[in-house]
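Trainee: I'd like to ask you about the structure that follows.
The values are calculated or read from the model by the stated rules, or taken from the named source; none is laboratory data. Just so we're clear, the structure is a prediction, and the values are computed from it rather than from any experiment. With ideal geometry, Cβ positions are generated from the backbone for all residues, glycine too; neighbour counts draw on all protein chains shown. Keep in mind that these areas ignore ligands, DNA and RNA; they rest on the heavy atoms of the full protein, side chains included. Shrake-Rupley method; radii C 1.70, N 1.55, O 1.52, S 1.80 Å.
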Number of protein chains: 2
Amino acid sequence: MATLKVPAIVPAPEEDAAQLRKAFVGLGTDEEAIVKILAHRNATQRRLIREAYTAAYGQDLLKDMEKEISGDFLRALAMWTLDPAERDARLANEATKMLTANNYVLLEIGCTRSSYHHFKVRETYHLLHKKSLEEDVAHHTSGDYRKLLVPLVSAFRYEGGETNLTLAKSEAKILHEKITGKAYRDDEIIRILTTRSKPQLNATLNQYNDVFGNPITKDLKSDPNDEYLRFLRATIKCLTSPEKYFEKVLRVAIKGAGTDENALTRVVVTQAEDSLHRIKEEYLKRNSIPLEQAIAGDTSGDYKNVLDALLGKEG
Amino acid sequence: MATLKVPAIVPAPEEDAAQLRKAFVGLGTDEEAIVKILAHRNATQRRLIREAYTAAYGQDLLKDMEKEISGDFLRALAMWTLDPAERDARLANEATKMLTANNYVLLEIGCTRSSYHHFKVRETYHLLHKKSLEEDVAHHTSGDYRKLLVPLVSAFRYEGGETNLTLAKSEAKILHEKITGKAYRDDEIIRILTTRSKPQLNATLNQYNDVFGNPITKDLKSDPNDEYLRFLRATIKCLTSPEKYFEKVLRVAIKGAGTDENALTRVVVTQAEDSLHRIKEEYLKRNSIPLEQAIAGDTSGDYKNVLDALLGKEG
């Protein structure tokens, strides 16, 4: 469930574009007005505003935005303004670059989006980067991570709800055999995780739990220092309980002295029109304080305001 | 280039449907009329005829066809009548079944179709088989074949013409190192073949030839009995010279005492609206007899007539 709050009466895109222009030009920038508009419009409305802005002023809204604001506030607002498929294509590309490499971002994009959205990301990736997503992922990863990530970002998973219990039983057995034998990198584990539909995978992991007495993620915790095992557990979480996965990303981003603004921004921005409501529930359950309150302790100013708006504060 | 011949004036789909109905019903079937219509209509026209047929007679054209004709003639005509993406989805599914398993069919579908057509095949696969293409391919293959085939059928290759010469040089070197070390199953060979755009792959293989003195397919012939090496060479041919690959499939299907009607039908039917013209040129060059003449020696009757029509004979 989404957290985004769109007002009951939304101005015409031309009117929103004019207000944004006004907020940008002249001395000083009206950050409040910018948040009030953009952080309270859905993806279609934002696309129409961007089009109206270019039509009226001959400039790209995002380019003008970059001249007026900066830092975490800019990154959050610019990422939010982008079309969701373009946003994911840009995030994925960034995640394959040496200095900003991040296998977890690729994992999220491969596992928590719908099959059709994911295909739109791959299409947009061609247009923006003149290459394919899987080509860059394969080129910039190696070994075990490549073996897992390339099929994850290349999958077009079936999304029907049908499940096959016989198959679930036999594949739960395969998973258990491999895990018991510590063959965590076995092709069969990768095959099952990267190709089966999410409902089928759920059925298999339920069988695993029922027949062998432990959730699979517990059996994959044999060595807490094994980074690949951590990645494998995250893969399973992304596929079966994305809101729990995202809760943990937020928890880790906020906790301790520093804040991981990139992770915080990414989860809030990509999930505000998707599962952020459920993620907030998970966060409260796990941490006993509301997510907004936790974020308030770690952020401030315009950046805090845009996150607040996306977390569901009325405009 | 296509070989299909569509008449200058095409009857309305309703008229074609009525003529087909007439050819089916009553005593005896008018095979000649069926070929005259269906084997001289393009994919859009055939789709409209199927729709008009269902609208007028409340039956699926293909189901009625199955009642009236049989054998190789039926298979050729039914496969031809199908929408190209549906045809490929059905061929691919058949190729993952135990009794009709055929890795070469999967290879063709993964490598010789355009990226968008291939995605349509994956979409149609969901609808028809309630699973994903890559899921079935991964489940029904193993070892080296799985490692190569799953990414081939999951790829959404970039189709722009840009090539990067520096990359071509470095990847030609990687390929040569692996091949010289007989590491034919190395992940890097698979990565390059399964993810790079076809123009980029061409540039890389040209570099290979120029710098190391042999075409890569020659260096992959070290052991003529290694089935996997044969498959690797076929992969490269499918990606870089599909018409040469298909010429060979036809040559092998025709030569000797028996005929491989399935292969013959598959190549003619899937390529008649695509590259069959170029395949015929390759065939003549390599075998010194026209493909039509070679096929005439191996086929007869209605089956021969439908192949003739698809090979370019006027209706």
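Trainee: Could you go through region A:69-85 and let me know if any residue there is over 30 Å from residue A:28 (Cβ atoms) and modelled with pLDDT of 95 or more.
Mentor: As a first pass, look at region A:69-85 and keep what is over 30 Å from residue A:28 (Cβ atoms): A:84-85.
Next, only the ones that are modelled with pLDDT of 95 or more stay: A:84-85.
Looking through region A:69-85, at least one residue is over 30 Å from residue A:28 (Cβ atoms) and modelled with pLDDT of 95 or more.
Trainee: What is the residue count in region B:180-205 for residues that are open to solvent by 50 Å² or more (accessible area, probe 1.4 Å) and under 23 Å from residue B:151 (Cα atoms)?
Mentor: Narrowing region B:180-205 to residues open to solvent by 50 Å² or more (accessible area, probe 1.4 Å): B:180-182, B:185, B:187, B:198, B:202.
Okay, now just the ones that are also under 23 Å from residue B:151 (Cα atoms), so B:182, B:185, B:187, B:198, B:202.
Matching residues across region B:180-205 total 5.
Trainee: Sticking with this structure for a sec: Just to verify a result, which residue in region A:135-146, among those that are farther than 20 Å from residue B:185 by Cβ and surrounded by 22 or more Cβ atoms within 10 Å (Cβ to Cβ), is farthest from the other protein chains (Cβ to nearest Cβ)?
Mentor: Across region A:135-146, the extreme among qualifying residues is A:137.
Trainee: For region A:240-287, name all the residues that are open to solvent by 70 Å² or more (accessible area, probe 1.4 Å) and among the aliphatic types (A, V, I, L, M).
Mentor: Result: A:252, A:257, A:284.
Trainee: Select from region A:162-179 the residues that are of a type in the set (A, V, I, L, M) and either within 17 Å of residue A:144 (Cβ to Cβ) or open to solvent by 10 Å² or more (accessible area, probe 1.4 Å) (or both) and write down the one among them that is farthest from the other protein chains (Cβ to nearest Cβ).
Mentor: The residue in question is A:179.
Trainee: Follow-up. Kindly check whether there is at least one residue in region B:1-16 that is open to solvent by less than 10 Å² (accessible area, probe 1.4 Å), in a helix (DSSP H, G or I) and either under 21 Å from residue B:127 (Cβ atoms) or not charged (D, E, K, R) (or both).
Mentor: Scanning region B:1-16, I find no residue that is open to solvent by less than 10 Å² (accessible area, probe 1.4 Å), in a helix (DSSP H, G or I) and either under 21 Å from residue B:127 (Cβ atoms) or not charged (D, E, K, R) (or both), so the answer is no.
Trainee: Within region A:180-205, work out how many residues are more than 9 Å from chain B (Cβ to nearest Cβ), of a type outside the set (A, V, I, L, M) and within 17 Å of residue A:240 (Cα to Cα).
Mentor: Number satisfying all stated conditions: 4.
Trainee: Right, next: Is it fair to say residue A:89 is hydrophobic (A, V, I, L, M, F, W, C), touching a helix residue (DSSP H, G or I) at 6+ places or on another chain (Cβ under 6 Å) and without any contact (Cβ under 8 Å) to a residue 60 or more places away in the chain?
Mentor: Here the answer is yes, as residue A:89 does meet what is asked.
Trainee: Are any residues in region A:103-128 open to solvent by 40 Å² or more (accessible area, probe 1.4 Å) and in a helix (DSSP H, G or I), and if so, which ones?
Mentor: Within region A:103-128, A:103, A:104, A:116, A:117, A:120, A:123, A:127, A:128 qualify.
Trainee: Looking only at region B:28-70, how many residues end up being in a helix (DSSP H, G or I), surrounded by 14 or more Cβ atoms within 10 Å (Cβ to Cβ), more than 23 Å from the chain's Cα centre (by Cα) and of a type in the set (D, E, K, R)?
Mentor: The total comes to 5.
Trainee: Moving on to the next point. Residues that are farther than 23 Å from residue B:40 by Cβ and in contact (Cβ under 8 Å) with a residue 40 or more places away in the chain: does region B:260-267 have at least one?
Mentor: Within region B:260-267 (the criterion being farther than 23 Å from residue B:40 by Cβ and in contact (Cβ under 8 Å) with a residue 40 or more places away in the chain), the answer is yes, since at least one residue qualifies.
Trainee: So, one more: Please enumerate the residues belonging to region B:147-161 that are among the β-branched types (Val, Ile, Thr) and within 8 Å of chain A (Cβ to nearest Cβ).
Mentor: Within region B:147-161, just B:150 meets the criteria.
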